[in-house]
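Below is one structure, written out as structure tokens; comments come after it.
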Amino acid sequence: MSSRLVGVGVGPGDPELVTVKGVNALRSADVVVVPVMDTGERGRAEATVAHYVPAEKIVRVVFALNERTDRARREAAWDAAGRRVAELLEAHACVAFATIGDPNVYSTFTYLAQTLVELVPGVVVETVPGITAMQDLAARSGAVLTEGTEPLTLVPVTAGAAVLKEALAGPGTVVAYKFGRQAGEVAEALKETGRLADAVWGSALGLPEESVRPAAELDGSPLPYLSTLIAPPRRDGGRGGKL
């Protein structure tokens, strides 16, 4: 029988936001892989998984999660992680990989799955969707992501402030991920495009150090890397005005 690699979205950090299907997938897997940085500290995915499976089922695998400039180092880390998970797939029928948010939205799982398809012939790759940070921030802040015919644009600020400005100049809600280190540039982009007043940002959602604040309070100071921003459009048409 073919081995199975299951990417499981475990949400943005709050253990209560793992779906029932996600919990079942974690518990039914033979082992659960959690990604860690080479510095070794416990990540959000591991902390969340620990609420649902025993420690002996959790396998920590190092990824260069914080590497964006040294491509050779990043590729070497991905290759090493792929070989480690390939070993697990040879020994077990089902290996789960826990990823924060959703496994198909800016997830390390994408790169792992691509590697494993080449290393383990016949491996079956599946995913279990997870709740995203933008959904959690919308719930915690009261921000409405979309109404009627409004589009929704998701931008990783690691792509550059120009990409964010272009999105903010368009219609609909703009969500920005990973903007913490460029908080000053994000604040300026919001001001320039008239989006500052209704925008909100949040970090560490559902955790003791959670912060959910109006974007108008951004002063340029760096924020946690995984901070999320929601910038809704102006909605002046009353109820159903965007239909």
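The values are calculated or read from the model by the stated rules, or taken from the named source; none is laboratory data. This is a predicted model, so every value here is computed, not measured. With ideal geometry, Cβ positions are generated from the backbone for all residues, glycine too; neighbour counts draw on all protein chains shown. Surface accessibility is based on the protein's heavy atoms, side chains included, excluding ligands, DNA and RNA. Shrake-Rupley method; radii C 1.70, N 1.55, O 1.52, S 1.80 Å.
Taking trypsin sites (Lys or Arg not before Pro) as exposed when DSSP calls them loop and at most 13 other C-beta atoms lie within 10 angstrom, the chain has its longest site-free stretch at 69-233. Angle of helix 71-91 to the longest C-alpha principal axis of the chain, folded into 0 to 90 degrees and rounded to 10: 50°. Between LEU154 and ARG60, the contour length at 0.36 nm per residue exceeds the alpha carbon distance by 30.9 nm. The C-alpha radius of gyration of segment 32-123, expressed as a fraction of 2.2 N^0.38 Å, stands at 1.04.
Where both bridge residues fall in segment 5-134, DSSP classifies roughly 5% of the beta bridges as antiparallel. For segment 1-56, the list of GluC sites (Glu not before Pro) that fall in a loop by DSSP and count at most 10 other C-beta atoms within 10 angstrom reads GLU41.
Rounded to the nearest 20 debye, the dipole magnitude of the chain is 240 debye, with +1 charges on Lys and Arg beta carbons, -1 on Asp and Glu beta carbons, and the Cα centre as origin. Residue ranking by accessible heavy-atom surface, 1.4 Å probe, largest first, among VAL124, VAL200 comes out as VAL124, VAL200. Note on segment 135-243: Cα convex hull, mean projected area over all directions, 6.2 nm².
Computing FRET efficiency as 1/(1 + (r/R0)^6) for ASP79 and ALA216, where r is the C-beta to C-beta distance and R0 is 41 Å, gives about 0.40. Taken as Cα centroids, segment 174-243 and segment 141-163 sit 9 Å apart, rounded to the nearest whole angstrom.
On the chain, 51 percent of the accessible area sits on carbon and sulfur atoms, based on a 1.4 Å probe. Note on the chain: with a GNM built from Cα contacts shorter than 10 Å, the maximum mean-square fluctuation among THR132, THR48, THR110 falls on THR110.
With only Cα atoms counted, segment 64-207 has Rg and Dmax values of 18.4, 56 Å.
Taking the DSSP bridge list for the chain and keeping only pairs wholly inside it, about 35 percent are antiparallel.
Placing a pseudo-label 7 Å from each Cα along the Cα-to-Cβ vector at GLU41 and GLN114 gives an inter-label distance of 2.8 nm. In this Cβ point-charge picture (+1 for Lys and Arg, -1 for Asp and Glu), segment 117-235 has a dipole of about 220 debye about its Cα centre.
Pairwise Cα separations in the chain fall into 10 Å bins from 0 onward with the following percentages, short to long: 7, 30, 31, 21, 9, 1. Taking every Cα-Cα distance in segment 98-144 and sorting them into 5 Å bins from zero, the calculated P(r) comes out as 5, 20, 22, 17, 15, 9, 6, 5, 3, 0 percent.
Over the chain, DSSP H runs of length four or greater, each weighted -39,500 (n - 2.57), average out per residue to a 222 nm ellipticity of -9500 deg cm²/dmol.
With all protein chains in place and ligands, DNA and RNA left out, the 1.4 Å accessible area ranks THR228, THR158 as THR158, THR228, largest first.
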